[in-house]
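Visitor: This is the structure I have questions about; it appears just below.
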Amino acid sequence: MKLIIDRTMFWFNYPEDMLKLNNKFSFEGNLLNRLLSEKYNGKKIKFLNIEFYESSEKLLKAYGKDYFLHYYGGQFTYKKVIDFNHFLALNFQGQKTFIWKEGYDMLQFAGKELKNESLLISSEYAYHKGLEMGLNADYRMIDADVVLFEENYKAPLPHESFRVALVK
């Protein structure tokens, strides 16, 4: 299975805990990538980067506005300010939900700005499916019905780096 979105990441531009937060929520980027890929059929995206900033100062200085949205040559980047005080006060489940909702809002905005209908549809699907799954990245893979030697099988369609196993 060739993915149209190769990789999705949430990045945190928060000096005190940047690496810790990037690592803590990398699973959510993987989950979002999986769910977006189930429906997305728009322009190829090599890297989908959603970046959260503590203040608008850096963004205003660099881009003249409090957010930055850019797509070029398969590189998708959206940088936005979030309320880190509110975010850090939440428990882990609350933080997961907060990041998921912010990511969804950002992708919906980007889909409209970039006139990417497939991004609008796939991010809507991914948002609701992710919540339905409890934002659990450990879930059953997409599968397909396969006939092999006149026998019916369910074959999971994993990411390219996994091998395919057949289940009768």
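Visitor: For the chain, what does the relative contact order come out to in percent, with C-alpha contacts under 8 Å and a separation of six or more?
Guide: Dividing the mean separation by the residue count of the chain yields 21 percent.
Visitor: Turning to a different aspect of this structure: Of LYS43/LYS101; LYS58/LYS79; LYS24/LYS46; LYS61/LYS115, which pairs sit farther than 20 Å apart, going by alpha carbon to alpha carbon?
Guide: Listed pairs above 20 Å: LYS43/LYS101; LYS24/LYS46; LYS61/LYS115.
Visitor: Something else now. Report Rg (one decimal) and Dmax (nearest whole number) for the chain, counting Cα atoms only, units Å.
Guide: 17.6, 64
Visitor: Using Cβ counts within 10 Å as a stand-in for footprinting exposure, how do THR77, THR8 rank, fewest first?
Guide: Starting with the residue having the fewest Cβ neighbours, the order is THR77, THR8.
Visitor: What order do you get for ARG7, ARG34 when you list them from fewest to most C-beta neighbours inside 10 Å? Intermediate values should be presented prior to the final figure.
Guide: Values: ARG7 13, ARG34 20.
With the fewest neighbours first, ARG7, ARG34 line up as ARG7, ARG34.
Visitor: Enter the angle in degrees (range 0 to 90, nearest 10) between the Cα long axis of helix 92-113 and the first principal axis of the Cα atoms of the chain, meaning the one along which they spread out most.
Guide: 90 degrees
Readers should treat all values here as calculations from the given coordinates under stated rules, not as data from a laboratory. Because the structure is predicted, anything quoted here is derived from the model rather than measured. Note: ideal-geometry Cβ built from the backbone for every residue, glycine included; neighbour counts use all protein chains shown.
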